[in-house]
Amino acid sequence: MIIGAEAQTVAVAWQVYSITHRALDLGYTGLALFLPGLFLLLPAGHVADRYDRRKIILLCYSLQIVCTGALLAIAVTGVRDVRLIYGVLILIGTGRSFSGPASSALIPHLVPEGHFVNAVTWGAAIFQLANIGGPALGGILFTLPLSHWMGGVLAGAGVVYIATLCSLVTFLVLIGSLSVRLGRMEHRDISLKVVFAGFQYVRRSPILLGSFSLDLFVVLLGGATALMPIFAQEILHTGPKGLGMLRAAPAAGALVVSLLLTRFPLRNKAGLRLFVCVGLFGAATIAFGLSHTLTLSLAALAIAGSADMISVVVRSSVLQLATPPEMRGRVSAVNSMFLGASNELGEFESGVTAQWLGAVRATVAGGIGALMVTGLWAVLFPQLRDADELTAKALRQDLRSEAGEKLLSATSD
């Protein structure tokens, strides 16, 4: 699924930029994906805790197939109205709003707790492998000489969308074959108290709140994904193939580190390692923004991906191990809001600042901002900074206060 989705992202970005040639319009693609999650966050978390998470995933990605078919129709007919593309992206964002919490909350039911951190690492390695293959595939397919096929209507974005449709169908078949025992689920009807329980749980847990908000602001400021078409065309002069390489470089670095983590897992000083890696991510973003050669740009992005991989393993483990099973859907929904704000809304922020300052200055300023946030959060969230072992017992210590015990008791009533 990720291979197809990442290939589609490359095609959409290049298609939008080729129509408008404006950085701001690239930012709007991220905003279109983010806004549905902002409005549907609360019901999505409750749905993930109340209903069969596997069926939710199947339904959401069936919608994704319809949306990819719509993008294919837009490409084949030669329509150059980007508003139609934004409309499809809004529908994709709607599906992601519900599939994200359901997918995240499903993972702990597949492996025992003793193997969970290693399972997260292996899952992240496979995810990053797909992140390498997806953008590269999108860049290659976009530039295939297919002018003799159907008069050339399938050339460019159209052939990428066909490949994405094939990957999505395969994904649905595989998910449909899963047989999962979900264990305890939420049985209460939807209410403000039930829906907001995820927010309350995160607010009372400094480790969860710190890790979620750190990722939010660092990626919001330091992410440069939306600007890569500008770097590929106007600064590095590499075209769609170069764009695919740039999109794949962070995943390549992350894959190497994730494979190392499967052999040498994180056993202690998890919080300190998180902050060091987030700082390295900001520094690598600055290096990418200042680079004018493809080799240096790829190296900087690979380092950023390597650093982010360690922080991903820590954050993912914290999310699942510090949360009771019956609360994971709603807490995952809160995390999805933070992730959406950092990624999709971050793309919009990148587009706006690049429109004002230019792509290079916007990227460098974002990297500097990420470094400042890292230092500030290390002071504001000492519980996260001093976190040691990645175990449920260790990570829930910050909820053992009287107030925390009342919250845990309330959410399990």
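The values are calculated or read from the model by the stated rules, or taken from the named source; none is laboratory data. Keep in mind the model is a prediction, meaning the values are calculated, not measured. Glycine gets a Cβ as well: all are built from the backbone with ideal geometry, and neighbour counts include every protein chain shown. Surface accessibility is based on the protein's heavy atoms, side chains included, excluding ligands, DNA and RNA. Shrake-Rupley method; radii C 1.70, N 1.55, O 1.52, S 1.80 Å.
For the range 67-78, the set of residues classified as loosely packed, with under 15 Cβ neighbours inside 10 Å and of a type in the set (A, V, I, L, M) consists of A73 only. So which residues in the range 79-100 are open to solvent by less than 50 Å² (accessible area, probe 1.4 Å) and touching a Ser or Thr at 6+ places or on another chain (Cβ under 9 Å), if there are any at all? Once the filter is applied, which keeps residues that are open to solvent by less than 50 Å² (accessible area, probe 1.4 Å) and touching a Ser or Thr at 6+ places or on another chain (Cβ under 9 Å), the range 79-100 yields V82, I85, Y86, V88, L89, I92, G95, S97, G100. Scanning the range 134-160 for residues that are open to solvent by less than 30 Å² (accessible area, probe 1.4 Å) and modelled with pLDDT of 75 or more turns up G134, P135, G138, G139, L141, A157, G158, V159, V160. Here the condition is being among the acidic types (D, E) and under 23 Å from G158 (Cα atoms); of D81, D49, it holds for D81 alone. Screening the candidates V202, V194 for the property of being open to solvent by less than 10 Å² (accessible area, probe 1.4 Å), at pLDDT below 90 and over 23 Å from the mean Cα position of the chain (by Cα) yields one hit, V194. If the condition is being open to solvent by 20 Å² or more (accessible area, probe 1.4 Å) and at negative phi, then the range 237-253 contributes T238, P240, K241, M245, R247, P250, A252. When the range 1-13 is filtered for residues that are in a helix (DSSP H, G or I), open to solvent by 30 Å² or more (accessible area, probe 1.4 Å) and either of a type in the set (A, V, I, L, M, F, W, C) or under 12 Å from A226 (Cα atoms) (or both), the ones remaining, listed by number, are I2, I3, T9.
Here K269 meets the list (1) surrounded by fewer than 20 Cβ atoms within 10 Å (Cβ to Cβ); (2) on the phi < 0 side of the Ramachandran plot almost entirely, failing just condition (2).
The single condition among (1) over 18 Å from T164 (Cα atoms); (2) part of a helix (DSSP H, G or I); (3) not acidic (D, E) that R80 does not satisfy is (2). The number of residues in the range 257-266 being open to solvent by 90 Å² or more (accessible area, probe 1.4 Å) and assigned to a helix (DSSP H, G or I) comes to 2. The one condition from (1) in contact (Cβ under 8 Å) with a residue 60 or more places away in the chain; (2) closer than 17 Å to V312 by Cα that P240 does not meet is (2). Of the residues making up the range 9-46, those that are closer than 14 Å to G100 by Cα and touching a Pro at 6+ places or on another chain (Cβ under 8 Å) are A44, G45. Residues that are in a helix (DSSP H, G or I), surrounded by fewer than 19 Cβ atoms within 10 Å (Cβ to Cβ) and in contact (Cβ under 8 Å) with a residue 12 or more places away in the chain within the range 288-298 comprise L290, L294, listed in sequence order.
I'd like to check something: does the range 161-183 contain any residue that is among the charged types (D, E, K, R) and either part of a helix (DSSP H, G or I) or at pLDDT 70 or above (or both)? Checking the range 161-183: not a single residue is among the charged types (D, E, K, R) and either part of a helix (DSSP H, G or I) or at pLDDT 70 or above (or both). When restricted to residues that are open to solvent by 60 Å² or more (accessible area, probe 1.4 Å) and either under 28 Å from V10 (Cβ atoms) or of a type in the set (K, R) (or both), the range 164-181 contains 6.
This table checks each residue for (1) within 24 Å of L243 (Cα to Cα); (2) touching a residue at least 24 places away in the same chain (Cβ under 8 Å); (3) in a helix (DSSP H, G or I); (4) open to solvent by 10 Å² or more (accessible area, probe 1.4 Å).
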site	(1), (2), (3), (4)
Q15	yes, yes, yes, yes
I19	yes, yes, yes, yes
L26	yes, yes, yes, no
L31	yes, yes, yes, yes
P43	no, yes, yes, yes
R54	no, yes, yes, yes
L58	no, yes, yes, yes
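Take the conditions (1) modelled with pLDDT under 80; (2) crowded, with 22+ Cβ neighbours inside 10 Å; (3) charged (D, E, K, R); E113 misses just one of them, which is (2).
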